[in-house]
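Engineer: Have a look at this one.
All of the numbers you see were taken from the coordinates with simple rules; none came from a lab. Quantities reported herein were computed from a predicted structural model and do not represent experimental measurements. Virtual Cβ from ideal backbone geometry, glycine too; neighbours counted across all protein chains shown.
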Amino acid sequence: MEGIIAIWQRDIIKFFRDRARLIGSFSMPILFLVVFGVGMGGAMESLVTAGTDATDFNYIEFIFPGIVSMTLLMTSVFSSLSIIQDRDFGYMREILVSPVSRVNIAIGKMLGSATVAFLQGIMMFVLMPFLGISIDPLSFLQLLPVMFMIACTFSSLGLLVASLLNSTQGFQLVVNILVMPMVFLSGALFPLSNMPAWVDVIVTLNPVTYGVDLMKHIMIDVDSLSAQVQEEMGLNLTFFGYPVTTTSEVIFLVGFTTLLILLATVSFKRQNG
Amino acid sequence: MIDVQHLKKTYKSFAAVKDSNFHVKEGEIFGFLGPNGAGKSTTINILSTVLQPTSGTVTINGYDVTKEQNRVRESIGIIFQQNTLDEKLTARENLKLHCKFYRVPRSKRKARIDEVLEIVDLSDNIDTMVEKFSGGMQRRLEIARGLLHYPKVLFLDEPSVGLDPQTRAHIWEYILKLKEKENITMFLTTHYLDEAEISDRVAIMDHGEIIAIDTPKKLKDQLGGDIIELTTTDNEAAVEEIKASFDRVDVELKDEVIYCKVDNSDAFISTFVKRLETPLTGLDIRKPTLNDVFLSFTGREIRD
């Protein structure tokens with residue numbers, strides 16, 4: 001237990017010390033907010049509601065939870081990258097020869113990355129007034145545990161990937177071929193209704209989809225929207241024909257995280273020395 | 001304290017460590033001497049649970065390194081060849097994290113941190129970022145960190161590699177001071193001969209095999225007598241001449257230098273210089289070193 005805290009604490013200390021990273025990690029989400037939210041907002045709104053009489057689709061409201069999820073994903077994955085650096089700079093050996101068990105090393109690292117991502121995600125909410133949207137305090141409180149859970153899933157994914165790779169270059173490659181498609185095919189940035197069947201399969205298997213969906217259901221007042229708009233916004237997810245409930249999403253994310261942590265632990269054991 | 005029996009480590013077709021056996025007593029400084037690639041680091045990695053042996057049994061402080069890894073890990077401290085500090089943290093933070101990894105009781109942490117920093121003379125730098133430390137200071141901090149959980153055995157893998165001679169001497173001062181104070185068993189690997197000399201016992205390793213284990217003195221005494229190094233105007237002729245006219249002299253020509261092994265150089269040298277007819281250009285008399293021991297076992301110098 002103490003070992004988990006120590007590994008977690010190290011990441012937190014370093015996060016608050018590294019201001020360049022703190023600011024740098026905001027650039028991408030803000031860029032996406034500007035490009036998608038402001039630049040394409042009007043076009044998106046008329047596109048989504050074309051042919052319907054709906055007027056209550058707000059693209060900024062739709063994209064904001066997506067951008068926050070994207071921040072969680074990117075920060076989680078990049079924070080997990082630090083284990084490659086730990087290996088290159090030797091600190092990993094100090095951890096590996098200590099009596100801390102391998103599974104606790106993986107959990108500590110995962111919690112460290114997840115906390116960092118969680119804090120970054122929360123900071124995104126500072127932007128809300130500038131975008132002309134708001135969130136009620138109760139929803140915000142509901143959102144916190146969900147965000148942390150999503151951050152844990154993404155961090156354990158990053159951890160597993162990082163533990164399988166040997167170099168930081170390899171990691172950049174993975175980010176490009178794994179993370180970006182995961183963002184685009186999750187419904188984070190645009191509604192994924194009326195997609196070809198094969199894209200639908202990817203969307204359904206993508207864990208980011210469920211994280212984004214959970215956040216949207218908390219942040220957007222779904223019941224006040226017309227059924228038509230709900231459908232157009234892609235708020236009625238199905239898993240190969242079965243409707244997806246919030247509970248099943250939570251179970252899926254927790255289970256997926258556990259599986260990834262176990263795999264990462266095995267990978268740590270294998271790579272001794 | 002350390003017991004190694006029939007230890008083997010094989011990578012595919014390459015045998016890094018071949019059937020090694022040795023025993024290290026409590027409080028002993030045990031040196032592992034050999035050229036780079038001899039299998040020293042592989043051995044230390046197995047002893048410190050970083051690597052799994054292919055076969056054989058190793059126990060440390062009574063615990064088996066493959067079956068009771070966590071017990072072994074609690075019993076040992078390791079100073080690696082390369083830096084394993086977190087340079088983006090301060091000395092204190094590095095030490096605090098170590099206390100947590102090793103479950104040092106909370107109430108004892110502060111006193112322990114002060115104590116180990118005192119030993120390595122870094123008390124004034126406790127809140128300095130490690131990246132601002134010099135190479136020697138970082139090495140000292142690593143030694144301090146290795147002691148924090150009061151290990152029974154301290155492993156030092158080439159502890160002074162990459163340091164300047166003055167810093168090296170300092171590091172050794174600290175290590176010897178420590179040994180006097182704490183009676184810690186130390187296992188060190190080195191390819192510096194002078195460092196091996198301070199060990200209570202030395203194991204000489206080459207090509208994955210331990211070829212000799214004894215005190216540095218006994219190893220050198222095995223060679224017997226003194227070594228005279230000489231150069232002459234005609235080395236081949238001189239070697240022939242020495243072989244013909246002097247009894248009980250072991251003579252060898254290597255790299256333009258003639259090495260003569262004699263029982264007692266004081267008695268020998270006066271008659272030798274008088275009687276040798278080939279003109280001498282250089283002469284040096286010395287006691288055998290561990291390098292000569294290595295040479296006599298392998299036919300090569302340790303630096304080859």
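Engineer: Which of A:L178, A:L263, A:L111 moves most in a GNM of chain A, Cα contacts under 10 Å?
Structural biologist: Answer for the Gaussian network model of chain A: A:L178.
Engineer: So, one more: Positive end of the charge dipole of chain B (Lys, Arg +1 and Asp, Glu -1 on Cβ, about the Cα centre): tell me which of B:V120, B:A38, B:T167 has its Cα farthest that way.
Structural biologist: B:V120
Engineer: Shifting gears a bit: Under a Cβ-only charge scheme (Lys and Arg +1, Asp and Glu -1), can you give me the dipole magnitude of segment B:77-235 about the Cα centre, in debye to the nearest 20?
Structural biologist: Around 1340 debye, computed over segment B:77-235.
Engineer: Here's another thing I want to ask about it. Report the trypsin sites (Lys or Arg not before Pro) located in segment B:1-79 that are in a DSSP loop and have at most 15 other Cβ atoms inside 10 Å of their Cβ, or state none.
Structural biologist: Values: sites: B:K8, B:K9, B:K12, B:K18, B:K25, B:K40, B:K67, B:R71, B:R73; in loops: B:K12, B:K25, B:K67.
Filter output for segment B:1-79: B:K12, B:K25, B:K67.
Engineer: Here's something else I'd like to know. Just list whichever of A:K269/B:K9; B:K181/B:K218; B:K110/B:K132 have alpha carbons separated by over 25 Å in the model shown.
Structural biologist: B:K181/B:K218
Engineer: So what is the relative contact order for segment B:72-181, in percent, with contacts set as C-alpha pairs under 8 Å and at least six apart? Walk me through the intermediate numbers first.
Structural biologist: Numbers: 124 pairs, mean separation 47.0, N = 110.
Relative contact order of segment B:72-181: 43 percent.
Engineer: Could you tell me how many cubic angstrom of Cα convex hull volume segment A:192-273 has per residue?
Structural biologist: 114 Å³
Engineer: Can you give the mean number of other chain Cβ atoms that lie within 10 Å of the Cβ atoms in peptide B:43-49? Show your work: numbers first, answer last.
Structural biologist: Values: counts 0, 0, 4, 1, 0, 4, 5.
Mean shielding count: 2.
Engineer: Over chain A, with a Gaussian network built from C-alpha contacts below 10 Å, which listed residue (A:R87, A:R102, A:R17) shows the highest mean-square fluctuation?
Structural biologist: It is A:R17.
Engineer: Next question, about the same structure. Over the Cα atoms of segment A:1-138, what Rg and Dmax result, in angstrom?
Structural biologist: Just the Cα atoms of segment A:1-138 yield Rg and Dmax of 19.5, 65 Å.
Engineer: With all distinct Cα pairs included, what does the Kirkwood hydrodynamic radius of the protein assembly as shown come out to in Å, to one decimal, could you say? Let's see the in-between values first.
Structural biologist: Values: mean 1/r = 0.0354 Å⁻¹.
Computed over the protein assembly as shown, the radius equals 28.3 Å.
Engineer: At a Förster radius of 41 Å, what calculated FRET efficiency corresponds to the Cβ-Cβ distance of B:L283 and B:K8, to the nearest 0.05?
Structural biologist: Plugging the Cβ-Cβ distance into 1/(1 + (r/R0)^6) gives 0.30.
Engineer: Would you work out the charge dipole size for the protein assembly as shown about its Cα centre, treating the Cβ of every Lys and Arg as +1 and the Cβ of every Asp and Glu as -1, and quote it to the nearest 20 debye?
Structural biologist: 1240 debye
Engineer: Please list 3J(HN,Hα) in residue order for segment A:163-169, calculated via the Karplus relation 6.51 cos²θ - 1.76 cosθ + 1.60 where θ = phi - 60°; whole Hz, with x for glycine and proline.
Structural biologist: 6, 8, 9, 9, 9, 5, 4
Engineer: Specify which residue in the list B:V262, B:L95, B:S20 is farthest towards the positive end of the charge dipole of chain B, using unit charges on the beta carbon of Lys, Arg (+1) and Asp, Glu (-1), about the Cα centre.
Structural biologist: Positive-end residue among those listed: B:L95.
Engineer: While we're looking at this one, here's another question. Shape call for segment B:204-272 from the C-alpha gyration tensor, a ≥ b ≥ c root eigenvalues: rounded (a/c under 1.5), prolate (a/b greater than b/c) or oblate?
Structural biologist: Verdict is oblate for segment B:204-272.
Engineer: What are the semi-axes of the equivalent ellipsoid for segment B:1-81, taken as the square roots of 5 times the Cα gyration tensor eigenvalues, largest first, in whole Å?
Structural biologist: One finds semi-axes of 19, 15, 12 Å for segment B:1-81.
Engineer: Could you give P(r) for chain B, binned at 10 Å from zero, as whole percent values over all Cα-Cα pairs?
Structural biologist: Whole-percent P(r) values from 0 Å outward: 6, 24, 27, 20, 13, 8, 3, 0.
Engineer: For chain A, set up a GNM with springs between Cα atoms under 10 Å and report which of A:T247, A:T71, A:T115 has the largest fluctuation.
Structural biologist: Looking only at A:T247, A:T71, A:T115, the largest GNM fluctuation is found for A:T247.
Engineer: Under unit Cβ charges (Lys, Arg +1; Asp, Glu -1), what dipole magnitude, rounded to 20 debye, does chain A have relative to its Cα centre?
Structural biologist: That gives a dipole near 1500 debye.
Engineer: Working from Cα positions, state the angle (0 to 90°, nearest 10) between the long axis of helix A:2-17 and the longest principal axis of chain A.
Structural biologist: Value to nearest ten degrees: 60.
Engineer: Tell me the chymotrypsin sites (Phe, Trp or Tyr not before Pro) within segment A:190-273 that lie in a loop according to DSSP and have at most 10 other beta-carbon atoms within 10 Å.
Structural biologist: Numbers: sites: A:W198, A:Y210, A:F239, A:F240, A:F252, A:F256, A:F268; in loops: A:F240.
Passing both the DSSP loop test and the Cβ count: A:F240.
Engineer: Relative contact order for chain B: what percent, with Cα pairs under 8 Å and sequence separation of 6 or more?
Structural biologist: Result for chain B is 20 percent.
Engineer: So for segment A:1-131, taking the charge dipole from beta-carbon charges (+1 Lys/Arg, -1 Asp/Glu), which of A:M124, A:Q85, A:I67 sits furthest toward the positive end?
Structural biologist: Result: A:Q85, furthest along the dipole toward the positive end.
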